[in-house]
Amino acid sequence: MAAYAITNNERVEAVLLEVFGTSDDEEDDFKQHPRINGLYHCQTAVSDKLQEAVIKGVAAEGWFTDADMNQAMRFGTLPVWATNLANTLPVHLFTKQIRSRQPVFDQLTANVYEPGEGICAHVDLHKFEDGIAIVSLGSAAVMDFTFGSCHERLLLRPGDVLLLEGDARYKWQHGIAAVAIEEFGGEHNQRGQRTSITFRKLVRES
Ligand SMILES: O=C(O)CCC(=O)C(=O)O
């Protein structure tokens with residue numbers, strides 16, 4: 001008969017595993033996109049409460065009081081609501097080089113889209129380092145990813161976070177069609193107002 005001793009540590013670990021699951025469980029929710037290397041679509045990664053606080057934070061900045069303004073950029077020290085948001089992002093998914101830099105992000109761009117507005121397909125400027133996070137708030141919208149003849153679509157819902165590194169950041173273009181209604185997975189998405197917060201890190205010239 002085979003017998004093995006279970007140590008106290010193993011017992012504690014087994015109980016913790018049962019109650020909390022493994023740290024891998026968290027990553028299991030946020031798998032890399034099967035066809036786009038370096039893209040993570042982290043669904044509902046931001047709680048409803050934090051989404052509300054961020055929307056209020058953006059409104060309090062007064063960036064979009066003029067109806068013609070739909071983009072704001074901040075560099076260096078970020079507003080408290082933005083730092084709170086950045087601190088909750090699943091940056092552990094990034095490569096060690098990205099996730100261990102200090103700070104991980106020092107720049108934010110807030111975009112507000114009215115129904116029918118979008119953003120042209122682009123790769124982010126090379127003045128920003130690898131490792132970019134985009135947080136979606138408000139209305140859902142479809143984001144298109146294109147690379148040569150390859151085309152992928154993702155439905156971004158409020159609270160979703162996209163992490164882009166490597167190919168997803170440098171090779172694939174991302175953009176949002178300027179439409180008020182769109183189809184995704186056989187359903188229609190009627191766009192309302194959408195806000196996105198993009199976090200990046202500026203390349204430091206040596
Ligand atoms: O609104 C988004 O989700 C994307 C924003 C973006 O790509 C940009 O500001 O460069």
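The values are calculated or read from the model by the stated rules, or taken from the named source; none is laboratory data. Just so it is clear, the model here is predicted, and its values are computed rather than measured. As a convention, Cβ positions derive from the backbone with ideal geometry for all residues, glycine included, and neighbour counts pool all protein chains shown. For accessibility, only protein heavy atoms count, side chains too; no ligands or nucleic acids. Shrake-Rupley method; radii C 1.70, N 1.55, O 1.52, S 1.80 Å.
When the chain is modelled as a GNM with alpha-carbon springs shorter than 10 Å, which of Phe145, Phe64, Phe30 fluctuates the most?
With Cα springs under 10 Å in the chain, the top fluctuation among Phe145, Phe64, Phe30 is at Phe64.
Sort largest first and round to whole Å: the equivalent ellipsoid semi-axes of the stretch 136-191, each the square root of five times a Cα gyration tensor eigenvalue. Numbers along the way, then the final one.
Numbers: eigenvalues 86, 40, 15 Å².
That gives 21, 14, 9 Å for the three semi-axes.
Can you quote the Å³ per residue value for the convex hull of the Cα atoms in the stretch 52-108, rounded to an integer?
Numbers: hull volume 5.4 nm³, N = 57.
Per-residue hull volume (Cα only) is 95 Å³.
I'd like the FRET efficiency for Thr88 and Val123, computed as 1/(1 + (r/R0)^6) with the beta carbon distance as r and R0 of 25 Å, rounded to 0.05. Let's see the in-between values first.
Working: r = 26 Å, r/R0 = 1.05.
Calculated value: 0.45.
As a test question: what accessible area, to the nearest 10 Å², does Asp68 have when a 1.4 Å probe is rolled over all protein chains in place?
130
What is the sum of charges around Arg153, taking Lys and Arg as +1, Asp and Glu as -1, for the other residues whose C-beta is under 15 Å from the C-beta of Arg153? List each step's numbers first, then the result.
Values: positive: Arg35, Arg157, Arg191; negative: Asp144, Glu152, Asp160, Glu182, Glu183, Glu187.
Here the count lands on -3.
Please give the calculated 222 nm ellipticity per residue for the chain, where each DSSP H segment of at least 4 residues contributes -39500 (n - 2.57) and the sum is spread over every residue; nearest 500 deg cm²/dmol?
It comes out at -7000 deg cm²/dmol, rounded to the nearest 500.
How much accessible surface does Thr65 have with a 1.4 Å probe, in Å² rounded to 10?
Surface accessible to solvent at Thr65 totals approximately 120 Å².
Calculate, for the stretch 25-104, the solvent-accessible area per residue in square angstrom, rolling a 1.4 angstrom probe over the heavy atoms of the protein chains. Walk me through the numbers on the way to the answer.
On the way: 5100 Å² over 80 residues.
On a per-residue basis, the stretch 25-104 sits at 64 Å².
Roughly speaking, to the nearest percent, how much of the chain's 1.4 Å accessible area is carbon and sulfur? Could you put the intermediate results ahead of the total?
Numbers: 6280 of 11920 Å².
The value for the chain is 53 percent carbon and sulfur by accessible area.
Using Stokes-Einstein with the Kirkwood hydrodynamic radius over Cα pairs, what translational diffusion coefficient do you get for the stretch 68-137 at 10 °C and a viscosity of 1.306 mPa s, in µm²/s rounded to a whole number?
Result for D is 115 µm²/s.
In a Gaussian network model over the chain where Cα atoms closer than 10 Å are linked, find which of Ala67, Ala45, Ala86 has the largest mean-square fluctuation.
Ala67
Would you kindly state how much longer the chain becomes between Ala59 and Gln102 on full extension, computed as 0.36 nm times their sequence separation minus their alpha carbon distance, in nm to one decimal?
Numbers: separation 43, 0.36 × 43 = 15.48 nm, distance 2.79 nm.
Fully extending the segment from Ala59 to Gln102 adds 12.7 nm.
With point charges of +1 on the Cβ of Lys and Arg and -1 on the Cβ of Asp and Glu, referenced to the Cα centre of the chain, which listed residue (Gly76, Phe64, Phe184) lies farthest in the positive direction of the dipole?
So the residue furthest toward the plus end is Gly76.
Apply the Debye scattering formula to the chain, with a single equal point scatterer on each alpha-carbon and no solvent, then give log10 I(q)/I(0) at q = 0.16, 0.18 Å⁻¹.
After summing over all Cα pairs, the log10 values are -1.10, -1.38.
Once you've got the GNM for the chain with C-alpha springs shorter than 10 Å, pick whichever of Val135, Val123, Val161 has the biggest mean-square fluctuation.
Among Val135, Val123, Val161, the largest mean-square fluctuation in the Gaussian network model of the chain belongs to Val123.
Not counting the cut sites, what is the longest span of the chain without trypsin sites (Lys or Arg not before Pro) that DSSP labels loop and that have at most 16 other Cβ atoms within 10 Å? Write down the numbers at each step before the final one.
Numbers: sites that count: Lys31, Arg35, Arg101, Lys127, Lys171, Arg204.
My reading of the result: 36-100 is the longest stretch.
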